[in-house]
Amino acid sequence: MSVGLQSVPRAPGAIPLLGHALKLWRDPLGFLKSLRESGDLVRVDLGTMPMYVATTARMVHEVTVKQARSFEKGRLYDRVRPLVGDGLATASGEIHRRHRRLMQPMFHHQRIAGYAEIMSSRARALAESWTPGQRLAVEQVMGEFAIETLAATMFSTDIGRRAVEAVRRNLPVILKNMLIRAASPTFLDRLPVRANRDFDAASASMRQVIDDVIASTRRAGGTDQPDLLSVLLAARDADTGEALTDREVRDELVTILFAGTETTASTLSWAFHELAGHPEVEEQLVAEINEVVGDRPVTIEDVPRLTAIRRVLDEVIRLHGVTLLMRRTTESVQLGDFSVPPGVEIAFSLYALHRDPALYEDPDRFDPDRWTPERRASLGREDFVPFGSGNRKCIGDTFAWTEATIALATILPRWKLRPEPGTPAPREAASAMAHPDRVPMTVLPR
Ligand code: HEM
């Protein structure tokens, strides 16, 4: 059977003109989770614009893998393009394929091993900077850690120090305002209000400094450092021998900064929160770290042996993953019973998918043991996709897990992070990730 889009069930609760905008705005995560009750493809109205949401693992797999060639990135990405240009996350078609090929070597195992040394020394410096009884805003501390670590792996030379500083100063301002921008109509960007001024100034300043650093590094004939900037400057297309232009290099660096910081920071903050609530799990991790690492700095070789940490990270990302992703059809496709014409916006929520009770028993419960090999075997490959899948799968997945594993393995044997008494549990705020709003904790020696 094949029917047109007019037969796609509409989510309940739409109101004239606004559609489902209020529901999405008031409780985005609850609303996204509720959609599966209406069908495997569900219509949601953003104001008067219809968006179709794929709600099952099978449907998401159709969009991201099986029929990926009939899709480009959707509206969400159009709105960030002015900032990140045609970087890997926003580009489509041939440009995307070319850049993906050029960037892949930045994330090869050997390169990650180099970044791991930077991650390990940054994590040690962080752990050594704390004092017993100190109070931390964990979400901020992890945000700074993720930004500084990524910036340091990008620009490891003296010339690059200014860029690290500019990223540290400006990126939080940009990230804070970005999702609001992506979801708002374009004309609001030009209103002379504080949020727009801050956003524009921060993005102009960050791009300027990165441009200067790229130009200086190029003039100096590149660097002999194994940092991300050098790898991008040296990249050559295997077929044509062409290099990336300075502008393309900058767009890729800014894309990586966007894609790689909030995601990692949110995962680490939730991990500390969940571990504080499950001290027995934390004890297991500490025992494993003591056995595998002991007192020396954590290295890349330790990462695959820290399997209990991996189970915790998988469980954290299952519970608190990427909120909403989008595609747009470039030609007609068949999705389940529905025939979908070109130019239609299709969205999906990994967050909602990973809490589907049809796939996960007691889906809202933190239970790292679901990731033991025996229990994990009951899940299909399409059912757990925290980094997406298909040709647009996250290029930084190993980078992110290496960084998060090294951070936990460095901090946990030294310190216990515990919530301040009387503070409410963090709430999930929907941005790119379902990140925690506030995580105030006290540092106690272990
Ligand atoms: C816990 C951490 C992370 C999570 C959960 C995550 C998740 C994702 C997801 C779900 C996508 C696919 C988006 C889509 O299908 O539309 C993606 C793409 C991407 N991610 Fe990540 N990411 C993380 C960390 C990182 C890091 C550390 C980097 C870089 C160092 C990075 C760079 C990218 C890039 C460049 C893309 C676009 C890939 C393409 O379209 O070819 N991510 N990420």
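The values are calculated or read from the model by the stated rules, or taken from the named source; none is laboratory data. Predicted, not measured: the structure shown is a model, and the values here were computed from it. Heads up, the Cβs are rebuilt from the backbone with ideal geometry, glycines too, and the neighbour counts pull from every protein chain shown.
Some notes on this structure:
- Residues that are away from the ligand (no atom under 16 Å from the Cβ), of a type in the set (S, T, N, Q) and more than 24 Å from the chain's Cα centre (by Cα) do not occur anywhere in region 187-206.
- Within region 221-270, the residues that satisfy the criterion of being without any contact (Cβ under 8 Å) to a residue 24 or more places away in the chain and in contact with a Ser or Thr (Cβ under 7 Å, 6 or more places away or on another chain) are Gly222, Ser230, Leu233.
- Any helices (runs of 4 or more DSSP H) falling wholly within region 92-167 and containing at least 3 residues that are away from the ligand (no atom under 11 Å from the Cβ) and either closer than 21 Å to Thr263 by Cα or under 21 Å from the mean Cα position of the chain (by Cα) (or both): 109-129, 138-154
- Residues of region 372-426 that turn out to be within 13 Å of the ligand (Cβ to nearest atom) and more than 24 Å from Ala137 (Cα to Cα), as a count: 16
- Of the residues making up region 74-93, those that are within 20 Å of Gly343 (Cβ to Cβ) and surrounded by fewer than 17 Cβ atoms within 10 Å (Cβ to Cβ) number 5.
- Checking each residue in region 95-115 for being among the β-branched types (Val, Ile, Thr) and within 15 Å of Ala400 (Cα to Cα) picks out only Ile112.
- Criterion applied to Leu350, Leu319 was being within 11 Å of the ligand (Cβ to nearest atom), of a type outside the set (Ser, Thr, Tyr) and at pLDDT 95 or above, and the one residue passing it is Leu350.
- Flag if Ala195 is among the hydrophobic types (A, V, I, L, M, F, W, C) and over 20 Å from Pro105 (Cα atoms): yes
- One residue stands out in region 219-233 among those that are in a helix (DSSP H, G or I) and surrounded by 13 or more Cβ atoms within 10 Å (Cβ to Cβ): the one that is nearest to the ligand (Cβ to nearest atom), namely Leu228.
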